[in-house]
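Working notes for the structure below.
The values are calculated or read from the model by the stated rules, or taken from the named source; none is laboratory data. Here the structure is a predicted model, which is why all the values come from computation and not from measurement. Backbone-built Cβ (ideal geometry, glycine too); neighbour counts: all protein chains shown.
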């Protein structure tokens with residue numbers, strides 16, 4: 001029954017993650033109609049809404065982990081999933097049950113929404129809102145799917161909105177310029193509700209200030225008075241020195257997590273103003289246990305130490321820029337790059353950022369959105385990157401491991417879907433909540 005359910009969700013409804021532009025469906029009419037059909041379940045709990053180009057997933061998981069450690073029953077809705085559809089919808093880190101998803105979809109199919117054709121994401125977000133009400137969560141942390149203003153999740157009125165940062169992405173949907181994209185993300189700012197901005201400068205900052213002023217929404221730029229003062233790597237953690245929360249050891253070790261941590265801590269300051277029950281030691285535990293508490297995967301994720309093998313989900317120019325900055329700080333003899341991309345990404349822009357002194361293993365995820373290995377190899381050659389093609393990430397990584405020595409470095413990334421197939425193959429989910 002589970003396969004029938006997921007087949008229905010993914011194949012019987014358009015899904016952007018599998019179909020690209022054909023699965024993108026902007027507008028809130030269907031989401032609002034579904035919301036009314038389920039008696040507006042999101043009104044039964046407090047909500048924090050998160051948008052942004054990069055870092056919104058890590059920010060959502062960190063914040064959910066901290067709130068969980070504060071004693072709240074926390075709903076967490078994120079996308080996409082790595083291995084299991086149920087990763088998208090969690091309560092206190094535990095995935096939604098297959099039984100609930102099966103029953104929910106079966107009930108919907110018996111009496112579907114008349115006059116509308118909901119997308120995969122519209123159905124999934126409605127399911128999440130309904131499940132959180134069923135589980136009596138105190139607060140839900142909701143990540144947008146794509147954009148903000150017309151995202152299916154944007155029917156909610158949150159206590160707090162968070163926008164992590166803005167970069168060029170999905171221009172075919174969100175706009176050709178950085179200010180147009182910022183305006184779309186700013187669509188989650190609500191009248192009179194505070195908003196925290198992780199990183200913004202120039203015209204992007206101007207857009208957020210203008211929208212917040214028009215909506216009488218108190219705005220905080222996390223960078224103006226940073227909470228994070230210093231970061232360093234200690235014993236497998238990212239040690240973060242802060243202005244008001246002491247020293248925090250974060251389970252997420254990517255250097256770029258310093259920016260996300262600063263955003264989360266500034267958001268927590270706002271939640272205190274909103275009378276959330278927040279304790280400093282709970283914040284420390286939330287950062288230290290974020291993977292255990294929420295099941296987050298794929299963020300500078302070390303799966304082997306000799307040779308050091310890192311999985312990284314960065315998949316656009318801004319994200320890859322940060323990942324390559326950290327890669328340059330690593331010590332190794334030889335570098336092996338296992339990469340695959342979605343064809344609708346700025347692949348040329350990304351390839352230009354990748355190190356030329358490396359051996360490449362070109363691969364692809366098993367989806368029609370993927371750039372083929374042959375196309376990737378040809379494109380990479382134009383940027384001075386040389387390597388061989390492999391039909392899937394498992395074979396690519398096996399080849400890299402055979403070629404690598406213990407003091408080498410293996411980087412696997414370019415697409416969350418490439419990582420998902422690898423994590424599925426190595427049964428990584430067995431280590432987490434099922």
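Miscellaneous remarks
- Scan of the range 72-123 for residues that are surrounded by fewer than 22 Cβ atoms within 10 Å (Cβ to Cβ) and free of Cβ contacts under 8 Å to residues at least 40 places away in the same chain, ordered by number: 86, 97, 99, 100, 103, 104, 107, 108, 110, 111, 112, 114
- Checking 181, 156, 142, 163 one by one, the residue that is in contact (Cβ under 8 Å) with a residue 60 or more places away in the chain, within 15 Å of residue 38 (Cα to Cα) and buried (at least 20 other Cβ atoms within 10 Å of the Cβ) is 156 and no other.
Here is a yes/no grid of residues against (1) part of a loop (DSSP other than H, G, I, E, B); (2) in contact with a helix residue (DSSP H, G or I) (Cβ under 8 Å, 6 or more places away or on another chain):
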{"site": "240", "(1), (2)": "no, yes"}
{"site": "249", "(1), (2)": "no, yes"}
{"site": "252", "(1), (2)": "yes, yes"}
{"site": "255", "(1), (2)": "yes, yes"}
{"site": "258", "(1), (2)": "no, no"}
{"site": "269", "(1), (2)": "no, no"}
{"site": "296", "(1), (2)": "yes, yes"}
{"site": "310", "(1), (2)": "no, no"}
{"site": "321", "(1), (2)": "no, no"}
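- Test for residue 422: is it touching a helix residue (DSSP H, G or I) at 6+ places or on another chain (Cβ under 8 Å), in contact (Cβ under 8 Å) with a residue 40 or more places away in the chain, assigned to a helix (DSSP H, G or I) and under 24 Å from residue 305 (Cβ atoms): yes
- Residue check, residue 261 under 23 Å from residue 159 (Cα atoms), at pLDDT 95 or above and touching a strand residue (DSSP E or B) at 6+ places or on another chain (Cβ under 9 Å): yes
- Checking each residue in the range 341-366 for being touching a helix residue (DSSP H, G or I) at 6+ places or on another chain (Cβ under 6 Å) and part of a loop (DSSP other than H, G, I, E, B) picks out 341, 344, 346, 353, 363, 364, 365.
- Enumeration of residues in the range 368-380 that are buried (at least 17 other Cβ atoms within 10 Å of the Cβ), assigned to a loop (DSSP other than H, G, I, E, B) and either outside the structural domain of residue 343 (by TED's automatic domain parsing) or in contact (Cβ under 8 Å) with a residue 40 or more places away in the chain (or both): 369
- Every residue from the range 381-397 that is outside any loop (DSSP other than H, G, I, E, B) and crowded, with 21+ Cβ neighbours inside 10 Å: 387, 393, 396, 397
- For the range 293-309, a residue qualifies if it is under 26 Å from residue 86 (Cβ atoms) and at pLDDT 95 or above, and the qualifying residues are 293, 294.
- Residue ID - nearest to residue 161 (Cα to Cα), chosen from residues in the range 185-206 that are in a helix (DSSP H, G or I) and over 23 Å from the mean Cα position of the chain (by Cα): 206
- Scanning the range 57-71 for residues that are within 21 Å of residue 318 (Cβ to Cβ) and surrounded by fewer than 24 Cβ atoms within 10 Å (Cβ to Cβ) yields one hit, 57.
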